[in-house]
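S.K.: Just dropping this structure here.
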Amino acid sequence: MFGLEYPPIDNLVVWPDALFEGTILGFNKIALISLLAMLIPAAIFFFSKKDLVPRGLQNVAEGAVELVEKEVILPAIGPDGLRYLPLLLSVFLFVFFGNIFEVIPVFQMPANARMANPMFLALMVLVVFTFIGFKYNGAKFFTDIAWPPDVPVGLRPLVGFIELLSTFILRPFGLAVRLFANMLAGHILLVTFGVLCIAVASGWLFPLLALTFPMLVLLTGFEIFVSFLQAFVFALLTAVYIGLSLHPAH
Amino acid sequence: MLLLLAAEAAEEAGEAASNPILPDMSEMVWGVLSFALLYALINYVLLPPILRARNDRAATIQADRDAAEAARARAVSASAEVDDQLSGVRAEAAELVDEARAEAEAERQRLVARAEREVNAMQEIADGEIEREREEAMVSLRPQVADLAADAASRVMGRSVDASAAGPAIDRVMNS
Amino acid sequence: MSVLATIAAEAVELAQSELPAADQKGIAGAAGAGMAYGLAAIGPGIGIGYLVGQAVQAMARQPESAGTVRTNMFLGIAFTEALALIGFVVFILLKFA
């Protein structure tokens with residue numbers, strides 16, 4: 001239909017190595033975006049002045065800190081969660097800048113639409129919340145997770161199995177898949193409309209461009225929102241899991 | 001442990017090269033390196049100055065607010081003092097005004113009384129003068145009146161009437 | 001149900017047809033992929049709609065607690081949405097893997 005030539009998915013998400021090809025340090029577009037997702041927030045924080053009256057970049061940096069503090073840590077953990085600010089801020093910034101390259105020209109690819117970064121971050125969150133729970137609650141942490149105290153003894157193996165599965169397998173799986181699938185879906189959506197626009201524009205159907213092009217612009221805006229929201233949700237869920245490890249009673 | 005898991009996954013990815021779900025090992029290595037560096041930078045280098053700047057700002061704002069509060073309290077007490085002074089001054093002024101008014105009233109009454117006295121005195125003098133002049137006029141007019149009356153009477157009666165004879169009658173009329 | 005029956009019938013027809021095995025697998029994968037994502041989108045669609053509706057109602061009734069409600073709404077959306085996203089991943093796996 002419309003002479004639409006949809007590219008195979010490898011052309012959309014798999015990028016060839018530019019440096020160190022074939023080794024474990026193969027440096028491709030995703031690795032470049034990961035590096036930039038580290039460098040850009042670091043530069044924003046580094047070059048923001050530390051004035052009494054914030055201006056310019058300082059507003060951006062302090063806005064990010066305030067957002068993570070007020071909207072992520074305080075509702076999800078409480079005041080004693082403020083010591084995890086560096087971790088949660090790093091997670092938020094890394095995920096957000098990995099996502100936002102989805103709509104930045106030339107790059108047009110979210111780093112998190114590849115499983116590597118989401119999976120690594122999710123496994124790190126698993127390690128972090130297990131470590132925090134064990135550090136502050138000892139072995140009681142595992143039994144508290146496995147079954148609420150008033151569960152009858154006969155049911156404990158079943159409940160414990162389900163709860164441990166849900167905590168240690170489904171939580172990181174859900175975290176990773178949520179981020180990955182959201183960004184991959186957004187990327188495929190943008191590619192689909194981009195391909196559609198090109199296919200329509202070259203033929204006699206070009207008046208249809210009046211429909212497809214605004215839609216592409218609209219979806220680009222929507223993907224900016226999704227980029228932010230997914231970073232926010234990732235940080236929020238990390239905070240919620242840390243909070244549940246700190247105070248397993250509720 | 002994690003890296004082993006990831007390595008396994010990556011090996012599988014190597015077998016099925018086109019699987020878009022499985023992570024790519026080199027991408028994950030770069031992701032781990034980037035994130036670890038970002039976390040280290042934020043934790044040790046980038047975040048503390050910003051938090052310090054924010055605390056400084058909060059402290060400055062608090063200090064300024066305290067200073068403003070103190071200044072306000074000072075202003076309130078000063079204005080209360082001024083009000084006190086002002087009301088004292090006002091009472092004093094009212095007292096002075098009352099005093100002055102009473103004095104002025106007394107002075108006025110004194111003046112009025114003196115003026116009345118003077119006027120009365122002058123009137124008495126004038127009354128006496130008028131009376132005296134009237135009497136003088138009577139005395140000076142009397143002979144002429146007597147003559148005129150005698151003349152008139154003689155004409156009426158057809159015979160001469162002596163003025164001196166008529167004198168008592170004239171005196172009676174004029175004094176009545 | 002009839003849709004499922006149709007797909008099953010098509011699969012049997014495919015198996016009996018002359019196409020090479022790889023093509024058959026590809027066609028069956030594509031059909032299954034569509035089904036997987038379509039079915040996976042139903043539940044979360046209803047769930048997120050209900051969730052956001054209730055959240056908006058709560059915010060309208062108590063605007064002063066809008067911040068907390070919004071945070072919890074995003075959490076709920078994140079959990080509900082995961083199901084649809086797993087469907088999407090299955091779609092990708094069936095279609096491309």
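S.K.: (1) loosely packed, with under 10 Cβ neighbours inside 10 Å; (2) on the phi < 0 side of the Ramachandran plot: which one isn't true of B:GLY158, the others all being true?
M.R.: (2)
S.K.: For segment A:30-44, state whether one or more residues are assigned to a loop (DSSP other than H, G, I, E, B) and either at the interface with chain B (Cβ under 7 Å from one of its Cβ atoms) or touching a residue at least 24 places away in the same chain (Cβ under 8 Å) (or both). Working first, answer last.
M.R.: Taking segment A:30-44 first, the residues assigned to a loop (DSSP other than H, G, I, E, B) are none.
No: segment A:30-44 contains no residue that is assigned to a loop (DSSP other than H, G, I, E, B) and either at the interface with chain B (Cβ under 7 Å from one of its Cβ atoms) or touching a residue at least 24 places away in the same chain (Cβ under 8 Å) (or both).
S.K.: Would you check which residues across segment A:25-50 are more than 13 Å from B:GLY31 (Cβ to Cβ) and either surrounded by fewer than 13 Cβ atoms within 10 Å (Cβ to Cβ) or of a type in the set (Phe, Trp, Tyr) (or both) and list them?
M.R.: A:PHE45, A:PHE46, A:PHE47
S.K.: Would you pick out the residues in segment B:124-140 that are under 58 Å from the mean Cα position of the chain (by Cα) and open to solvent by less than 100 Å² (accessible area, probe 1.4 Å)?
M.R.: Residues of segment B:124-140 that are under 58 Å from the mean Cα position of the chain (by Cα), as a first pass: B:124-127.
Hits for segment B:124-140 are B:ALA126, B:ASP127.
S.K.: Listed residues A:PHE20, A:PHE2; which is touching a Phe, Trp or Tyr at 6+ places or on another chain (Cβ under 8 Å), at pLDDT below 90 and on the phi > 0 side of the Ramachandran plot? Explain how you work it out, then say what you get.
M.R.: Working: A:PHE2 fails: touching a Phe, Trp or Tyr at 6+ places or on another chain (Cβ under 8 Å).
That would be A:PHE20, the only listed residue that is touching a Phe, Trp or Tyr at 6+ places or on another chain (Cβ under 8 Å), at pLDDT below 90 and on the phi > 0 side of the Ramachandran plot.
S.K.: Can A:ILE132 be described as modelled with pLDDT of 90 or more and open to solvent by 60 Å² or more (accessible area, probe 1.4 Å)?
M.R.: Taking the combined requirement at face value, the residue does not satisfy it.
S.K.: Here's something else I'd like to know. Identify, please: which residue in segment A:143-170 is aromatic (Phe, Trp, Tyr) and at pLDDT 85 or above and is, among those, surrounded by the fewest Cβ atoms within 10 Å (Cβ to Cβ)?
M.R.: Among them, the one singled out is A:PHE161.
S.K.: Another question, then. So is C:GLY76 in contact with a Ser or Thr (Cβ under 8 Å, 6 or more places away or on another chain) and within 24 Å of A:ALA185 (Cα to Cα) or not?
M.R.: It is false that C:GLY76 is in contact with a Ser or Thr (Cβ under 8 Å, 6 or more places away or on another chain) and within 24 Å of A:ALA185 (Cα to Cα).
S.K.: For the subset of segment A:78-115 comprising residues that are surrounded by fewer than 23 Cβ atoms within 10 Å (Cβ to Cβ) and β-branched (Val, Ile, Thr), which member is nearest to the chain's Cα centre (by Cα)?
M.R.: Only one residue tops the list, namely A:ILE100.
S.K.: Just to check your reading of the model, which residue among A:ARG114, A:ARG156 is under 30 Å from A:PHE27 (Cβ atoms) and charged (D, E, K, R)?
M.R.: Residue meeting the stated conditions: A:ARG114.
S.K.: Is segment A:157-170 home to any residue that is under 20 Å from A:LEU237 (Cα atoms), within 17 Å of the chain's Cα centre (by Cα) and without any contact (Cβ under 8 Å) to a residue 40 or more places away in the chain?
M.R.: yes
S.K.: Could you tell me whether B:TYR39 is at pLDDT 90 or above and within 30 Å of A:ASN182 (Cβ to Cβ)?
M.R.: So B:TYR39 fits the description; yes.
S.K.: Going by what's in this entry, would C:PHE96 be described as facing chain A (nearest Cβ under 10 Å), under 30 Å from C:ILE27 (Cβ atoms) and in contact with a Phe, Trp or Tyr (Cβ under 7 Å, 6 or more places away or on another chain)?
M.R.: No: the conditions fail for C:PHE96.
S.K.: Moving on. Which of (1) hydrophobic (A, V, I, L, M, F, W, C); (2) within 44 Å of the chain's Cα centre (by Cα); (3) over 30 Å from A:ARG83 (Cβ atoms) does B:ALA63 not meet, given it meets every other one?
M.R.: It is condition (3) that B:ALA63 fails.
S.K.: In segment A:215-250, what count of residues is obtained for those that are open to solvent by 70 Å² or more (accessible area, probe 1.4 Å) and assigned to a helix (DSSP H, G or I)?
M.R.: Counting residues in segment A:215-250 that are open to solvent by 70 Å² or more (accessible area, probe 1.4 Å) and assigned to a helix (DSSP H, G or I) gives 7.
S.K.: Within segment A:51-59, identify whether any single residue is at the interface with chain B (Cβ under 10 Å from one of its Cβ atoms), in a loop (DSSP other than H, G, I, E, B) and open to solvent by less than 10 Å² (accessible area, probe 1.4 Å), and answer yes or no.
M.R.: no
This table checks each residue for (1) touching a residue at least 60 places away in the same chain (Cβ under 8 Å); (2) of a type in the set (S, T, N, Q); (3) more than 10 Å from chain A (Cβ to nearest Cβ).
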| position | (1), (2), (3) |
| --- | --- |
| B:ILE42 | no, no, no |
| B:PRO49 | no, no, no |
| B:ALA80 | no, no, yes |
| B:GLN85 | no, yes, yes |
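The values are calculated or read from the model by the stated rules, or taken from the named source; none is laboratory data. As the structure is a prediction and not an experimental result, all values here were calculated from the model. FYI the Cβ positions are ideal-geometry reconstructions off the backbone, even for glycines, and counts take in every protein chain you see. We work out accessible area using only protein heavy atoms, side chains counted, and drop any ligands, DNA or RNA first. Shrake-Rupley method; radii C 1.70, N 1.55, O 1.52, S 1.80 Å.
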